[in-house]
1. Please work out if S48 is surrounded by 17 or more Cβ atoms within 10 Å (Cβ to Cβ), more than 16 Å from the ligand (Cβ to nearest atom) and among the small types (G, A, S).
2. Determine which single condition E163 fails, assuming it passes every other condition in (1) within 15 Å of the ligand (Cβ to nearest atom); (2) at pLDDT 95 or above; (3) out of contact with any Pro (no Cβ under 9 Å at 6 or more places or on another chain).
3. Within the stretch 344-366, which residues are of a type in the set (G, A, S) and under 21 Å from T293 (Cβ atoms)?
4. Does the stretch 133-143 hold any residues that are surrounded by 19 or more Cβ atoms within 10 Å (Cβ to Cβ) and away from the ligand (no atom under 13 Å from the Cβ), and which are they?
5. At least 1 residues that are under 25 Å from E248 (Cα atoms), touching a strand residue (DSSP E or B) at 6+ places or on another chain (Cβ under 8 Å) and touching a residue at least 60 places away in the same chain (Cβ under 8 Å) in each: list the helices (runs of 4 or more DSSP H) lying fully within the stretch 275-387 that qualify.
6. All but one of (1) surrounded by 24 or more Cβ atoms within 10 Å (Cβ to Cβ); (2) away from the ligand (no atom under 16 Å from the Cβ); (3) closer than 14 Å to I55 by Cα hold for D113, so report the exception by its number.
7. Would you say F340 is modelled with pLDDT under 95 and surrounded by 23 or more Cβ atoms within 10 Å (Cβ to Cβ)?
8. Given the criteria closer than 23 Å to E378 by Cβ, more than 14 Å from the ligand (Cβ to nearest atom) and open to solvent by 30 Å² or more (accessible area, probe 1.4 Å), does N119 qualify?
Amino acid sequence: MQIDELKEAFEKLYGKGDCHVYFSPGRVNLIGEHTDYNGGFVFPCALSFGTYCLIRKTNNDYIQLRSLNQDKTYKLGIDELTQPLEKGNWANYVLGVIAQFIKESLIPTCGADILFWGNVPNGAGLSSSASLEVVTGVAINEEYNFDKDQLSIVKYSQMAEHEFAGVMCGIMDQFASGMGKKNHAIYLNCENLEYELVPVNLEGVKIVIGNTNSPHSLDEGKYNERVAECRAAVEAINPSKKIANLGELCPTEFNSLANHIKNEVIRRRARHVVTEIERTQKAVIELKKGNLTAFGQLMNGSHDSLRDDYEVTGYELDCMVEAARKIEGTIGARMTGGGFGGSTVSLVKDEYVEEFIHKVGIEYTEKTGIVGEFYVAEIGDGGKRIE
Ligand code: GLA
């Protein structure tokens, strides 16, 4: 949908007059998976698709929320904005963010009519929910002159996910959606939120996203289970070495401590985290050197570790990655995001992109009975007002 069409839809719904338009992107993570909530490194980029928010302040004492991707309109009094609706309701992502402002006594002084529309496929592991949260935060902040910085909005968005969706996520998705920059990936240290924007100049190579169309749902508990398993690993190591997060250990140090983790599953979870952090650090060095072959190998290693040690890939993601690696022009392929379904990310040489999409699509459907979708990623900017 074009912005003009969105404005038309807004006026049809809420009446003629001006409105402001905000946008916040989804993200694709190049490498560094399930490391963020362990104080490790991630390397995501913001996409050119995401969620739009059209907003007009009113003299009413209620806020109206509507999404063109969903059917229900919500009309909520300003005093009703801090309570989540029923589990799974999309409006919880919006309310969860507004509730964070209110917690800091930043209370909307008047009503607003709000319309959302997003083109990040839901459940594709490309952070549709983070893009909705961040666009809400950016819009509310600016419309009501709350004067919070972008990092606060990123943190509010993460809290919305914890408190209103029950997913104890790390900060990667919201950070990428809020702080992304066109043609750059974000090398983020989740321990202290220091970050570097690294130019992504992939001469002759494209980032191809493959949506398995096997939706993941992180609120089904598997994600939180992994978070808890990592905490259990920290607990097991603590009597021998005091750490707050697995991210404090390099693989060598981890190997010398691993025998303290008696549970074999927990040990593998922790091994994924520490090796993934190291892969991410190496991948950034290789990208800066322009060594895409090495970068691709690290992506492959990431997927294999997520499959074997962390066990978050599943049949569909594995099939797609396997098919992707058979294409001659594929430099690296892995799952991206939380896993359990969702999307893959591959680096593919320009001249092979068409063949990649065709052949991977066929093999994937043959094996799973599902039709996948492919997008050549464009790296965009983080959340902001666009009109
Ligand atoms: C989800 C979470 C992120 C991160 C990834 C896995 O996308 O929201 O915080 O943990 O999974 O890397």
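The values are calculated or read from the model by the stated rules, or taken from the named source; none is laboratory data. This is a predicted model, so every value here is computed, not measured. Cβ atoms come from the backbone with ideal geometry, glycine included; neighbour counts cover every protein chain shown. SASA here: full protein model, heavy atoms, side chains in, ligands and nucleic acids out. Shrake-Rupley method; radii C 1.70, N 1.55, O 1.52, S 1.80 Å.
1. Against the criterion (surrounded by 17 or more Cβ atoms within 10 Å (Cβ to Cβ), more than 16 Å from the ligand (Cβ to nearest atom) and among the small types (G, A, S)), S48 does not qualify.
2. With respect to (1) within 15 Å of the ligand (Cβ to nearest atom); (2) at pLDDT 95 or above; (3) out of contact with any Pro (no Cβ under 9 Å at 6 or more places or on another chain), E163 is out only on (3).
3. Matches in the stretch 344-366: S346 only.
4. Scanning the stretch 133-143 gives V135, T136, G137, V138, A139, I140, N141, E143.
5. Answer list for the stretch 275-387: 292-308.
6. If we test D113 against (1) surrounded by 24 or more Cβ atoms within 10 Å (Cβ to Cβ); (2) away from the ligand (no atom under 16 Å from the Cβ); (3) closer than 14 Å to I55 by Cα, just (1) comes out false.
7. Answer is yes for this residue.
8. For N119, the condition - closer than 23 Å to E378 by Cβ, more than 14 Å from the ligand (Cβ to nearest atom) and open to solvent by 30 Å² or more (accessible area, probe 1.4 Å) - is met.
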